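Q: Have a look at this one.
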Amino acid sequence: MAGHGSGDPGGMIVGINVTPMVDIVLVLLIIFIVTAKIIVTPAVEMDLPEASTAGEVQVVLSVIVPERGATLVDGEPIAGDDELVTRAASVRARTPQVRAVIHADGEVPHRRVIATIDALQRGGVYRVAFATLSPAPGPAGQEAAP
């Protein structure tokens, strides 16, 4: 037998055959690769059934206020607060329960953030939230550096 030393059936095993384990690992790797490809595929056409109790998809208006440069609404730059009012009003006309999330840089002046909130409210968007990052954990007993 392949695992025994010196032909003695009751002797000590001096080698282990790893070929079956490698085969199993390779099969699992192939399964994971194929499954990951299916999961990552972004667009799969579906014909979803209709239900009388289906929930609505929440619409979020993303407003990015960088330290320098134009304000971005859903990734597109806008000319000023008047255009933000117009965009907010058009989104609110389509979806009355729209929410706005403001991503403001830490160095942006307070008055610019307040002007952004005011423009959203003039456009009819009253549900506003602020995006934040959680601080990176530092060594035990110490706060993370700003």
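Q: Need the full-extension length gain, V59 to L28, defined as separation in residues times 0.36 nm minus the C-alpha distance. One decimal, nm.
A: In short, 7.2 nm is gained.
Q: Write down the percent of antiparallel bridges among all DSSP beta bridges whose residues are both part of segment 60-130, to the nearest 5.
A: 30
Q: With +1 assigned to the C-beta of every Lys and Arg and -1 to the C-beta of every Asp and Glu, and no other charges, what is the dipole magnitude of segment 60-130 about the Cα centre in debye, to the nearest 20?
A: Computed about the Cα centre, the dipole is about 320 debye.
Q: I want to check the label-to-label distance for D74 and V18. Put each point 7 Å from Cα in the C-beta direction and report it in nm to one decimal.
A: 5.5
All of the numbers you see were taken from the coordinates with simple rules; none came from a lab. All of these numbers come straight from a predicted model, not from anything done at the bench. Note that we place each Cβ from the backbone using ideal geometry, even for glycine, and neighbour counts take in every protein chain shown.
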